[in-house]
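Peer 1: One structure, pasted below without further comment.
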Amino acid sequence: MQIDGSGALVAGGASGLGEATVRALHHAGARVVIADLNHERGMSLAAELGARASFQRTDITDPVEVQGAVDLAAEAPGGLRISVCSAGLGWVERIAGKRGPHQFETFETVIRVNLIGTFNVLRLAAAAMRGNQPAPSSERGVCVNTASIAAFDGQIGQIAYAASKMAIVGMTLPAARDLASDGIRVCAIAPGTFDTPLLAGLPESARETLAEVVPFPSRLGRPEEFAALAIHMVENEMLNGEVIRLDGALRMPPR
């Protein structure tokens, strides 16, 4: 997929992995819609990037709000061609412990945001892409979702998060098969421990401990490295139905 001149939507694009992806796509010439709940950060990023960048406040679990962001991205001359979903949340709680069973509501919320929200972005973006004029290769669009290595190496207390991310892994291949006849590719990235706002609030000693267990390079991942892989997935036509771990060979221990 040619990025220059394409319409792109990045859900969760106001910070962290999403912000880095917005910047990379914009630098490559895309018209990018930043879809995020954080109005202040989203507007600030759009203003900084200037032309070819806009912000749309979006709750990814709300079909109406996501459709609004998709429609805005589809206003690009060639239509919406690129969708990246990096929005999500984490939660730490054991199935049962001293305080009783895992809260039903929090498990449900994590699944609703991480899985159903990602599906919501995927289905609406893909529906818009189907109306695009095909490229010479018959391609109409690319969707990149965000899983996690927790899908494979879920730690103690990550039952909700790991379940939501494994479900994203599980829907990648059938989604790619569903959309193959329309010339739309679907891939996912499963990042390890990355230097995002979520980890920025940890004490430096805790950040160093997280970095030390990564075999090589022994450091936290950089959001720009996530963005670089997302860009490659968009540009490499043979990548389809694939989930790629981006973790420096890290395999998470039980805790």
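Readers should treat all values here as calculations from the given coordinates under stated rules, not as data from a laboratory. The structure presented is a predicted model; accordingly, all values stated were derived computationally and were not measured. In this analysis, Cβ positions are derived from the backbone assuming ideal geometry, glycine residues included, and neighbour counts consider all displayed protein chains.
Peer 1: If amide H atoms are built 1.01 Å from N in the plane of the peptide, which residues on other chains or at least 5 residues away come under 5 Å of the amide H of A147?
Peer 2: Here the answer is I189, A190, since their amide H atoms fall under 5 Å of that of A147.
Peer 1: Return a whole-number percent for the relative contact order of segment 7-246, with Cα pairs under 8 Å and 6 or more residues apart as the contact set.
Peer 2: 20 percent
Peer 1: In degrees, nearest 10, range 0 to 90: what is the angle between the Cα axis of helix 16-27 and the longest Cα principal axis of the chain?
Peer 2: The helix 16-27 is inclined about 20 degrees to the chain.
Peer 1: Counting C-alpha atoms alone, how compact is the chain: give Rg to one decimal and Dmax as a whole number, in angstrom.
Peer 2: Values for the chain (Cα only, Rg and Dmax): 17.7, 60 Å.
Peer 1: Okay, moving on. How tilted is helix 159-179 with respect to the longest principal axis of the chain? Cα atoms for both, answer in degrees (0 to 90, nearest 10).
Peer 2: Taking the Cα atoms of the chain, the angle to 159-179 is about 30 degrees.
Peer 1: Could you work out the local net charge near G13, counting Lys and Arg as +1, Asp and Glu as -1, over the other residues with Cβ closer than 12 Å to its Cβ?
Peer 2: Summing Lys and Arg as +1 and Asp and Glu as -1 gives +1.
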